[in-house]
Amino acid sequence: QVQLVESGGGLVQAGGSLRLSCAASVRTFPRYTMGWFRQAPGKEREFVAAISWTGSNTNYVDSVKGRFTISRVTAQNTVYLQMNNLKPEDTAVYYCAADSRPYLGVLMIGEYWGQGTQVTVSA
């Protein structure tokens, strides 16, 4: 069983930054693809970013490329999402996901999910 706990969300003005963290309680964390998804009010959940279990591969949805960076620290069983130059359209609940299947990049689906953390960007 994989448990994921997100933190770091909050309210920020447009142009600001936030760093989301996701702590995973799984012994085999290094073998999991990790990713971030988000869901805005009235919209479906969408893929944001993914990182392979080695950390050598990362992928992003086009709308966040150049602004968001996903990373992982294996020793801490933690994955991060650094979000810079935030825009009001980034407002959503952000979910951490883990997947034990081969890395699929932007096609990541997610087997395990966190509870989500709210990110609100004001204009």
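Summary table below
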item: Heavy atoms of Ser25 accessible to a 1.4 Å probe, total area in Å² rounded to 10; result: 60 Å²
item: Computed magnitude of the charge dipole of the chain (debye, nearest 20; Cβ of K, R +1, Cβ of D, E -1); result: 220 debye
item: Carbon and sulfur %, accessible surface of the chain computed with the full protein complex present, 1.4 Å; result: 50 percent
item: All-pairs alpha carbon distance profile, region 50-95, 5 Å steps from 0, percent; result: 5, 19, 29, 24, 14, 8, 1
item: Mean accessible surface per residue for region 55-111, computed with a 1.4 Å probe while every protein chain stays in place, in Å²; result: 49 Å²
item: Among Ala75, Thr33, Ala98 - extreme Cα towards positive end, dipole of region 13-123, charges at beta-carbon; result: Ala75
item: Estimated vicinal HN-Hα couplings, Hz - region 99-116 in sequence order (Karplus 6.51, -1.76, 1.60; Gly, Pro = x); result: 8, 8, 7, x, 4, 10, x, 5, 8, 3, 9, x, 9, 10, 10, x, 7, x
item: Karplus (6.51, -1.76, 1.60) ³J(HN,Hα), θ = phi - 60°, over region 46-57, in Hz, Gly and Pro reported as x; result: 10, 5, 10, 7, 9, 9, 6, 5, 7, x, 7, 10
item: Computed Kirkwood radius, in angstrom, where 1/r is averaged over Cα pairs of region 1-109; result: 13.9 Å
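The values are calculated or read from the model by the stated rules, or taken from the named source; none is laboratory data. The shown structure was predicted, so the numbers you read here are calculated from the model rather than taken from an experiment. Neighbour counts are summed over all protein chains in view; Cβ atoms, including those assigned to glycine, are modelled from backbone coordinates with ideal geometry. Accessible surface is based on the protein model in full, side chains and every heavy atom, while ligands, DNA and RNA are left aside. Shrake-Rupley method; radii C 1.70, N 1.55, O 1.52, S 1.80 Å.
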